[in-house]
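> Quick one: the structure is below, questions incoming.
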């Protein structure tokens, strides 16, 4: 299930008010706006447009309540995780939901790195931290300051009631940019040959 379908399957009906944290290029926000949602999308490097705000979560000052907050591949970058989740909690309506598509960098192991590199014709700067002899030290150093899955789950449990948690393929789509490899990645995860380094999470305001 791609991110748009995952998010859409858990959102309340439009025109619910939605906040996207870390919107990047804004593709998801535009899709939701076209679907009738009242969307506000924030990112320090957000594009121009009425639905976008060029601001971090820490600097966001508009008032809630929002019916849902979405964050795709952005929570692990939030400087103060507890403070960020507390702010999201405060911005949500009493029955509001937090919907996450996330990256668990700490789940990368040698077998998973080997599978990743097997689909890279010539490893370059963007994946050299996974090369045998450099992994795992270079990989850990590369992700210094980013929250791992354990930290995210711990803080999420403080503020939200779990509705859904699932490990999902991540490497094929986000690193290799080859959606045709998603079934292979999924199969290897299911068999236990590699680790899933992505997860989906849905929680309600606790």
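> How high is the FRET efficiency between residue 38 and residue 80 when r is their beta carbon distance and R₀ equals 22 Å, given to the nearest 0.05? Intermediate values should be presented prior to the final figure.
Details: r = 28 Å, r/R0 = 1.27.
Efficiency at R0 = 22 Å is approximately 0.20.
> Another one. Given axes a ≥ b ≥ c from the Cα gyration tensor, I'd like to know whether the range 22-124 is rounded (a/c under 1.5), prolate (a/b larger than b/c) or oblate. Walk me through the numbers before you get to the answer.
Details: a/c = 2.27, a/b = 1.72, b/c = 1.32.
Prolate, since a/c reaches 1.5 and a/b exceeds b/c.
> I would also like to ask the following. So if I take the centroid of the Cα atoms in the range 45-90 and the same for the range 131-206, what is the distance between those two points in Å?
About 21 Å separates the Cα centre of the range 45-90 from the one of the range 131-206.
> Label point 7 Å out from residue 60 along Cα-to-Cβ: which residues of the range 147-174 have amide N under 17 Å?
So the set is 156, 159-160.
> OK, next. Select from 55, 69, 168 the residue whose mean-square fluctuation is largest in a Gaussian network model of the chain (Cα-Cα springs shorter than 10 Å).
So, out of 55, 69, 168, the one fluctuating most is 55.
> What does the helix-only formula give at 222 nm for the chain: each DSSP H stretch with n ≥ 4 adding -39500 (n - 2.57), the total divided by the residues, and the result rounded to the nearest 500 deg cm²/dmol? If you can, show how the numbers build up before the last one.
Numbers: 8 runs with 65 residues, N = 206.
Estimated from H runs of four or more residues: -8500 deg cm²/dmol.
> Where does each of 122, 87, 190 land when they are ranked from fewest to most other beta-carbon atoms within 10 angstrom? Let's see the in-between values first.
Details: 122 5, 87 19, 190 11.
By the 10 Å Cβ count, ascending, the order reads 122, 190, 87.
> What percent does the relative contact order of the chain come to when contacts are Cα pairs within less than 8 Å and at least six residues apart? Working shown, then result.
Working: 353 pairs, mean separation 41.3, N = 206.
Dividing the mean separation by the residue count of the chain yields 20 percent.
> Given an 8 Å cut-off on Cα distances and at least 6 residues of separation, report the relative contact order of the range 147-206 as a percent. Before the final figure, lay out each step's value.
On the way: 65 pairs, mean separation 28.9, N = 60.
Relative contact order for the range 147-206 comes out at 48 percent.
> Tell me the label-point distance for the pair residue 151, residue 95, using the 7 Å Cα-to-Cβ offset, in nm and rounded to one decimal.
3.5 nm
> For residue 122 and residue 164, FRET efficiency with R0 = 35 Å and r from the beta-carbon atoms, rounded to 0.05? Walk me through the numbers before you get to the answer.
Details: r = 39 Å, r/R0 = 1.10.
It comes out at approximately 0.35.
> Can you give the direction-averaged projected area of the convex hull of the alpha-carbon atoms in the chain, in nm²? Please report the intermediate quantities before stating the final value.
Numbers: hull surface 46.4 nm².
One quarter of the hull surface, i.e. the mean projection, equals 11.6 nm².
> As I understand it, the value is the acute angle between the Cα axis of helix 81-91 and the longest principal axis of the Cα atoms of the chain; what does it come to in degrees, rounded to 10?
So the helix axis and the longest Cα principal axis differ by about 30 degrees.
> Sticking with this one: Between residue 178 and residue 143, how many nm apart are label points set 7 Å from Cα along the C-beta direction?
2.1 nm
> Full extension from residue 10 to residue 48: what is 0.36 nm times the residue separation minus their Cα-Cα distance, to one decimal in nm? Let's see the in-between values first.
Values: separation 38, 0.36 × 38 = 13.68 nm, distance 2.72 nm.
Net length gain for the segment: 11.0 nm.
> Here is a further query. Considering only 26, 192, 96, give the residue with the highest GNM mean-square fluctuation for the chain, with springs between Cα atoms whenever their separation is below 10 Å.
Per the Cα network of the chain with a 10 Å cutoff, 192 tops the list.
> Normalised radius of gyration for the range 91-206, please: alpha carbon Rg relative to 2.2 N^0.38 Å, two decimal places.
Numbers: Rg = 15.9 Å, N = 116, 2.2 N^0.38 = 13.4 Å.
Expressed relative to 2.2 N^0.38 Å, the Cα Rg reads 1.18.
A short reminder: the numbers here are calculations on the coordinates, not readings from a lab. This one's a predicted model, so the numbers in the text were calculated from it and none came from an experiment. Note that we place each Cβ from the backbone using ideal geometry, even for glycine, and neighbour counts take in every protein chain shown.
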